[in-house]
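As structure tokens, the structure follows; a few thoughts come after it.
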Amino acid sequence: MESYELMHEVAVHMTQLSGDLGFKYVFKSSFEKANRSSVNSFTGPGIYAGIRLLSRLKDDLGVATTTDIHEPNHAKLLSDVVDIFQIPALLSRQTALIVAAGETQKIVNIKRGQFMAPWKIHLLLEKMRSVSDRELIITERGSFNGYEDLIVDFRTLIESRALGVSSGFDATHSVQRPSSRESDSGGSPEYIPFFASAAAAIGVDYLFFETHPDPSCALSDGACMLPLQEMERVLKQVKAVAEVTQS
């Protein structure tokens, strides 16, 4: 959440594009990025400003929203303005956080921890099912490969399907190189279209993209973002692959 103007620009562009291509769209923005590499990194406006910004966006555009939460009390505070709660990958083992999100009876999206084996997903499902029967999404975003790189294990999408939960793929964080630069994370955004198409070929319920009009100026994760103007090309490619797979 750099500014309301940026949120509005991205949401308007993506709502129109998604509608034209037949995708359902959910807008995501973070009120707080709690796991920055450096103490000097931008972290966001905070939860109360975040509630106001998301509420304003929903009122102005009628768009569905999601955001990540980091503490159990965040779930209750945001339950009136968020349609899907996201559990960050590094917090995907936090039982109290998953339970709090589930207790709101909202859809919950858990990003699989970079340290978690795909065949351990059932443990996340058990935590969610202890309080809610709502939809659970497990999103793949890569596994740690040494200290400063990730490798994508597409078995997560297959394991999620076998458990009867929705599968998601984070096409942008999957190309991240955590803390690989002096004070922030790097990335290889040129791989994003290929990874997204691979997920579409396997079959996926949700695709997650971080996008920005000018990633070089983004205050968070700019090194693994897609420029907003490239989203149409990538989504058309993804749609073509998905249509072949579904046929």
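Observations on the structure shown:
- Scanning the stretch 204-245 for residues that are assigned to a loop (DSSP other than H, G, I, E, B), of a type outside the set (D, E, K, R) and within 17 Å of Gly168 (Cβ to Cβ) yields Val204, Phe209.
- Residue satisfying all of: in the stretch 1-33; basic (Lys, Arg) and closer than 21 Å to Arg52 by Cβ; surrounded by the most Cβ atoms within 10 Å (Cβ to Cβ) among these: Lys28
- Entry remark, the stretch 102-127: residues being surrounded by fewer than 23 Cβ atoms within 10 Å (Cβ to Cβ) and assigned to a strand (DSSP E or B) number 1 in total.
- Check on Asp170, within 25 Å of Gly146 (Cβ to Cβ), modelled with pLDDT of 95 or more, acidic (Asp, Glu) and touching a Gly at 6+ places or on another chain (Cβ under 9 Å): yes
- Filtered by the rule that a residue be surrounded by 18 or more Cβ atoms within 10 Å (Cβ to Cβ) and either in a loop (DSSP other than H, G, I, E, B) or modelled with pLDDT under 95 (or both), the stretch 128-144 gives Ser132, Arg141, Gly142, Ser143.
Listed here are the residues, each with its yes/no results for (1) under 25 Å from Arg155 (Cα atoms); (2) among the aliphatic types (A, V, I, L, M).
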{"site": "Asn73", "(1), (2)": "no, no"}
{"site": "Asp80", "(1), (2)": "no, no"}
{"site": "Ala89", "(1), (2)": "yes, yes"}
{"site": "Gln94", "(1), (2)": "yes, no"}
{"site": "Thr104", "(1), (2)": "no, no"}
{"site": "Asn109", "(1), (2)": "yes, no"}
{"site": "Gly113", "(1), (2)": "yes, no"}
{"site": "Ala117", "(1), (2)": "yes, yes"}
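- Which listed residue is of a type in the set (Ser, Thr, Tyr), within 20 Å of Gln114 (Cα to Cα) and in a loop (DSSP other than H, G, I, E, B), from Tyr147, Tyr191: Tyr147
- Of all the residues in the stretch 148-163, those that are more than 14 Å from Gly187 (Cα to Cα) and either modelled with pLDDT of 95 or more or not small (Gly, Ala, Ser) (or both) number 9.
- Candidate set from the stretch 14-46 (those that are in contact with a helix residue (DSSP H, G or I) (Cβ under 6 Å, 6 or more places away or on another chain) and not hydroxyl-bearing (Ser, Thr, Tyr)); member that is farthest from Arg177 (Cα to Cα): Leu21
- First in the stretch 91-108 and over 19 Å from Thr139 (Cβ atoms), second anywhere and among the β-branched types (Val, Ile, Thr), Cβ under 8 Å, 6 or more apart: Glu103/Val131
The values are calculated or read from the model by the stated rules, or taken from the named source; none is laboratory data. Computed from a prediction, not measured in an experiment: that's the story for all the values here. Counting neighbours? That spans all protein chains shown, and the Cβs are built from the backbone with ideal geometry, glycine included.
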